[in-house]
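S.K.: Handing you this structure, nothing more for now.
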Amino acid sequence: MFSEIYTSKQPAPLQSYALMACSLGVTVATLVFPNLQHVFGSFDEGTDFMQRLTVAFQHGFEWRSSVVHLLIDLVLMAFIAVFTEKVLGAWMFFLLSISTLAWYSLVHTVFGMMGHGGSGLIWAFAPVVFYVLNEGRLLKTRSQFDELFRTFRLILAIMYLVIPVLMSIIPIYFDSETPLLRSIIYGNLFHITATLWGIGFTMLFREQIRVRLKQFAKKKKFEPLESDRYAAFLPWFYPLLIVLGFIFSR
């Protein structure tokens, strides 16, 4: 079931592709033109709110960390974001994405954080994947034997067991003498808050998600929604956000 959903042509995950393209474009742009560090992402404590709207697309502080961070997030988006968009459909995915971006920027501003990356989005998509994996097993589709079921289970295990440990020992938001508990919290602040946001969204729309999964289990396809007629316009919101950040960032 999971492999069939992931490989289905409809709905096309256009917003996921847009998020990946924006991440690639913004990160490469700041590497090639370092002066853009004052426009995108958050490289210092003086970052204003409009600039923080682009923190999800900027990765790393210098070329090595940028490339590694970007590649990890692109791989995660290729699985987690694409699958989430196919399950939710264009409009629910858009609602989750823009609300998460707003929440990400707010938390970033309140704590006056440095650093950036797609974690604030990807970890908000993960609870949807958790929920779908569980529901798929209840639909008696032998989904637990699906190859992609095992792949997603491994990816989620890495996201919640391996990466949090790494982010607790990499001193991005703190120095090496910071107490362990504080390091864990600050190193995973956006993983924690994004996951909580994603859980809330999943619980709010769990009935709609369950209906779509049952529909796919019976027909091997998602029925097109009336709102999907406008789905092609939604991916343009993300580059528009970057343009607005560029125009209004000090």
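S.K.: Using Cα-Cα distances under 8 Å and only pairs 6 or more residues apart, what relative contact order does the chain have, in percent?
M.R.: 30
S.K.: Can you give the three extents of the C-alpha atoms in the chain along their principal axes, from longest to shortest, in whole Å?
M.R.: 53, 40, 30
S.K.: For helix 237-248, report the angle its Cα long axis makes with the longest principal axis of the Cα atoms of the chain; keep it between 0 and 90° and round to the nearest 10°.
M.R.: 20
S.K.: Quick check on the chain: helices-only [θ] at 222 nm, where DSSP H runs of length 4 and up contribute -39,500 (n - 2.57) each and the sum goes over total residues. Nearest 500, please.
M.R.: -20000 deg cm²/dmol
S.K.: Along the positive direction of the dipole of the range 1-157 (beta-carbon charges: Lys, Arg +1; Asp, Glu -1; about the Cα centre), which of 10, 112, 65 reaches farthest?
M.R.: Among 10, 112, 65, the one farthest towards the positive end of the dipole of the range 1-157 is 10.
S.K.: Using only C-alpha atoms and all pairs of different ones, pull out the Kirkwood radius for the range 1-41 in Å with one decimal.
M.R.: 12.2
S.K.: Can you give the Kirkwood hydrodynamic radius of the range 24-141 from its Cα pairs, in Å with one decimal?
M.R.: 15.2 Å is the Kirkwood radius here.
S.K.: Let me ask something else about it. Taking the Cα atoms only, what angle lies between the long axis of helix 90-110 and the longest principal axis of the chain, rounded to 10 degrees?
M.R.: In the chain, helix 90-110 runs at an angle near 30 degrees to the longest axis.
S.K.: For Cα pairs less than 8 Å apart in space and 6+ apart in sequence, what is the mean separation divided by the residue count of the range 1-125, i.e. the relative contact order in percent?
M.R.: Computed over the range 1-125, the figure is 35 percent.
S.K.: Give, rounded to the nearest 20 debye, the magnitude of the charge dipole that the chain has about its Cα centre when Lys and Arg contribute +1 at Cβ and Asp and Glu contribute -1 at Cβ.
M.R.: The dipole magnitude comes to about 1160 debye.
S.K.: Taking the Cα atoms only, what angle lies between the long axis of helix 14-32 and the longest principal axis of the chain, rounded to 10 degrees?
M.R.: 20
Each value in this text was obtained by applying a stated rule to the coordinates, not by laboratory testing. Quantities reported herein were computed from a predicted structural model and do not represent experimental measurements. Positions of Cβ are generated from backbone atoms using ideal geometry, with glycine treated the same way; all protein chains shown enter the neighbour counts.
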